[in-house]
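Following: one structure in structure tokens, then a few remarks.
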Amino acid sequence: MQSATSPKNLIRLRDLPLQELDLILERARSLKLRPSPNEFAGQTVGLLFFRGSLRTRISLEVAMHQLGGDTIELTAASDFWDLEDREGAVMDGRAPEHVKDAAAVLSRYVDALAVRTAPGARSWDVDRRDDEIATWARYATVPVINMESSLWHPLQALADRMTLKEEFAETAGKRVAVVWVHSPEPASAAVTHSFLDMALRDRMNVSIAHPQGYELDSGVMRGLEEVAAKKGCELRTGLSKEEAVEGADVVYARSWQSLETYGNPTLAASRLSRTNDWMVDRKLLDSGQSARFMHAMPIRRNIEVSDEVLDSAESLVYTQAENRLHAQKALLLHLLKKQA
């Protein structure tokens, strides 16, 4: 539905100042303890998926349902067609509609749009621009929520922040090891980028471990270095998993694609085949400082992480997943200007 003022979007977690994030998580903790009233009766959020989802889809659906509202789901593979996102495009290809027009029309129907984009996976220089989610945000007249793009996954980072705040009385100064893990199908670095940005903004000391050739986006890393310098915290990268985890309070495991082989599946498979030993097992976790284990899921058991770690008391993965629901309910209340 049309808004008279510019909507507040969430494309990356940094779109929200820390003071607003604190208020959102305070509300999320309240919602976790006490069922919420029907705040959103008569309101609808449109969920647009250009690729698959489990936790994000269900947690947003349940969040709106518990708040008394509705969701409309659209999946690109079955419910609509290719959309063009290039400015000034001559639309003589597959796409019969431009995001500009789809965003304008959908804004007349719903109160917010949540979008999960699908990178082309051919050129990182192109995909890293995040043009698709930016175009939705530019032309929608209702809030746009990024459900994961090439660079960012703010909803996961919001739930991760809530989980850490629940686990530690004070997160500033805690040591976090972000460990690349082997997977037959590495994910994008969006979760990792968002988690790192969040942890450094909260003045946590971060160590990143990955095999050679799996460096994170250089532009994102420059931004993270600036945050670390401003906040006075530590950011180390290019470490072995043993170096990163030693003395850590938190071990966050995640697989991500090699940008050096991005768009070249043959080379990517060859490089990936040499990383089978990159897994979080009990020995590695124990080298931390009573370290908690985190992972955004889905998880390939006994490839990315051992059963012994995943099913241990130190594992926070199910709490992270649950907190997606509570954090997103609070976020929706914030973005749609509802007061609890």
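Computed from the coordinates by the stated procedures, all read-outs in this text should not be read as laboratory data. These numbers were taken from a predicted model, which means no experiment stands behind them. Note that we place each Cβ from the backbone using ideal geometry, even for glycine, and neighbour counts take in every protein chain shown.
Going through region 115-217, which GluC sites (Glu not before Pro) have at most 14 other Cβ atoms within 10 Å and a DSSP loop state?
GLU170
To check my understanding: the extent here is largest minus smallest coordinate of the Cα atoms along each principal axis. What are those three numbers for region 154-320, in Å, largest first?
The Cα atoms of region 154-320 stretch 46, 37, 29 Å along the principal axes, largest first.
Place +1 on the Cβ of every Lys and Arg and -1 on the Cβ of every Asp and Glu in the chain, take the dipole about the Cα centre, and give the residue among VAL309, ALA244, LEU25 whose Cα lies farthest towards its positive end.
Among VAL309, ALA244, LEU25, the one farthest towards the positive end of the dipole of the chain is LEU25.
Using the per-residue mean of other Cβ atoms lying within 10 Å as a proxy for protection, in what order, highest first, do the peptides 315-325, 89-99 fall?
Highest mean packing first, the order is 315-325, 89-99.
Return the FRET efficiency for the residue pair ARG274, MET297: r is the Cβ-Cβ distance, R0 is 22 Å, and the value is rounded to the nearest 0.05.
0.30
Dipole magnitude of the chain about its Cα centre, charges +1 at Lys/Arg Cβ and -1 at Asp/Glu Cβ only, in debye to the nearest 20?
So the dipole magnitude of the chain works out to roughly 600 debye.
What list of ³J(HN,Hα) couplings, whole Hz, do you get for region 199-209 from phi and the Karplus terms 6.51, -1.76, 1.60, once you set θ to phi - 60° and write x for glycine and proline?
Values per residue, Gly and Pro as x: 4, 5, 4, 8, 6, 8, 8, 10, 10, 10, 10 Hz.
Among HIS334, ALA209, ALA296, whose Cα lies farthest out toward the positive end of the dipole of region 181-340, if unit charges sit on the beta carbon of Lys, Arg (+1) and Asp, Glu (-1)?
Value computed over the given set: HIS334.
Place a +1 charge on the Cβ of each Lys and Arg in region 103-142 and a -1 charge on the Cβ of each Asp and Glu, then give the dipole magnitude about the Cα centre in debye, rounded to the nearest 20.
Dipole size: approximately 60 debye.
What 222 nm value per residue comes from the helices of the chain, counting each DSSP H run with n ≥ 4 as -39,500 (n - 2.57) and dividing by all residues, nearest 500 deg cm²/dmol?
-11000 deg cm²/dmol
Round to a whole angstrom and tell me the spacing of the C-alpha centers of region 100-156 and region 275-338.
Going from one Cα centre to the other spans 26 Å.
Could you give the angle, 0 to 90 degrees to the nearest 10, between helix 55-66's Cα long axis and the longest principal axis of the Cα atoms of the chain?
Tilt of helix 55-66: around 50 degrees.
State to the nearest 20 debye the size of the charge dipole of region 154-320 about its Cα centre, where the only charges are +1 on K and R beta carbons and -1 on D and E beta carbons.
300 debye
Quick check: Cα centre of region 19-94 to Cα centre of region 164-218, how many Å?
So the separation of the two Cα centres works out to 25 Å.
Based on a Kirkwood Rh over C-alpha pairs, give the Stokes-Einstein translational diffusion coefficient of the chain at 25 °C and viscosity 0.890 mPa s in µm²/s.
Once the numbers are plugged in, D ends up at 119 µm²/s.
Straight-line reach only, C-alpha to C-alpha below 20 angstrom: list the lysines that LYS283 could link to, leaving out same-chain residues fewer than 8 apart.
Candidates past the 8-residue exclusion: LYS241.
Farthest toward the dipole's positive end in the chain, which of VAL115, LEU83, ALA63, given Cβ charges of +1 (Lys, Arg) and -1 (Asp, Glu) about the Cα centre?
Final value for the positive-end residue is ALA63.
Which residues' amide hydrogens lie under 5 Å from the amide hydrogen of LEU10, considering only partners 5 or more residues apart or on another chain, with H built in the peptide plane?
VAL144, ILE145, ASN146
Expressed as an acute angle from 0 to 90° and rounded to the nearest 10, what is the orientation of the C-alpha long axis of helix 317-335 relative to the principal long axis of the chain?
Compared with the principal axis, the helix lies near 30 degrees.
Under 28 Å Cα to Cα from LYS329, which lysines show up? Leave out anything in the same chain fewer than 8 places away.
LYS8, LYS32, LYS100, LYS165, LYS174, LYS337, LYS338
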